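The values are calculated or read from the model by the stated rules, or taken from the named source; none is laboratory data. Note that the structure is a prediction, hence the values are computed from the model and not measured. Glycine also receives a Cβ, built like all others from the backbone with ideal geometry; neighbour counts cover every protein chain displayed.
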Amino acid sequence: DLYRAKAYRVDPVPGATDQYFAYIAYELDLFEEGSLSNLTASIIGNVFGFKAVNALRLEDMRMPVAYLKTYQGPATGVIVERERLDKFGRPLLGATVKPKLGLSGKNYGRVVYEGLKGGLDFLKDDENINSQPFMRWRERFLFGME
């Protein structure tokens, strides 16, 4: 229960029926330091994946200053990535590795191989995956590069 999202406030939308503002908090331990993309993708992916809600709009996200200070900025931009991949004049095609949990490093590498062989430009981890003790990033990276 420590890591479950917590709705700490729910207010009705003025002038609307059956519409509410929900204020939701997450434990920062769920997110990799310095990875704003992990944090935002996790929150957005999980919130918008909540099937009990018919319609949803994210209006605001607030992050503690201490967490924001761990972010060092992007290493490169899209131009550098296109040069690395030698892919120009079309959208880059990617996919998310599934299942998100339970693959060994070796099986993760197999999924990456099959995806690239099938025509993808890149594969990415599910938004909830970073470098947890049971699934370290480096192991996934090394098998993926193999």
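Some points to look at:
- Scanning segment 95-112 finds one or more residues that are part of a strand (DSSP E or B) and in contact with a Gly (Cβ under 8 Å, 6 or more places away or on another chain).
- Flag if ASN128 is surrounded by 13 or more Cβ atoms within 10 Å (Cβ to Cβ) and in a loop (DSSP other than H, G, I, E, B): yes
- Selection of first residues in segment 40-66 that are modelled with pLDDT under 75 and of second residues that are of a type in the set (D, E, K, R), restricted to Cβ pairs under 9 Å at least 6 apart or on distinct chains, gives the following pairs, ordered by first then second residue: ASN46/GLU127.
- Looking across segment 94-109 at every residue that is hydrophobic (A, V, I, L, M, F, W, C) and crowded, with 16+ Cβ neighbours inside 10 Å, the one that is nearest to VAL78 (Cα to Cα) is identified as VAL97.
- When the residues of segment 107-146 are filtered to those that are at pLDDT below 90 and touching a Phe, Trp or Tyr at 6+ places or on another chain (Cβ under 6 Å), the one that is farthest from ARG82 (Cα to Cα) is SER131.
- Options ALA25, ALA16: the member that is of a type outside the set (Lys, Arg), closer than 24 Å to LYS100 by Cβ and free of Cβ contacts under 8 Å to residues at least 24 places away in the same chain: ALA25
- Residue match in segment 24-47 (condition: touching a strand residue (DSSP E or B) at 6+ places or on another chain (Cβ under 6 Å), closer than 20 Å to MET135 by Cβ, polar (S, T, N, Q) and not in a helix (DSSP H, G or I)): no
- Among the residues of this structure, GLY115 does not count as one that is among the small types (Gly, Ala, Ser), touching a residue at least 24 places away in the same chain (Cβ under 8 Å), outside the structural domain of GLY34 (by TED's automatic domain parsing) and surrounded by 11 or more Cβ atoms within 10 Å (Cβ to Cβ).
- Residue satisfying all of: in segment 73-97; more than 25 Å from TYR113 (Cβ to Cβ) and modelled with pLDDT under 90; farthest from the chain's Cα centre (by Cα) among these: GLY77
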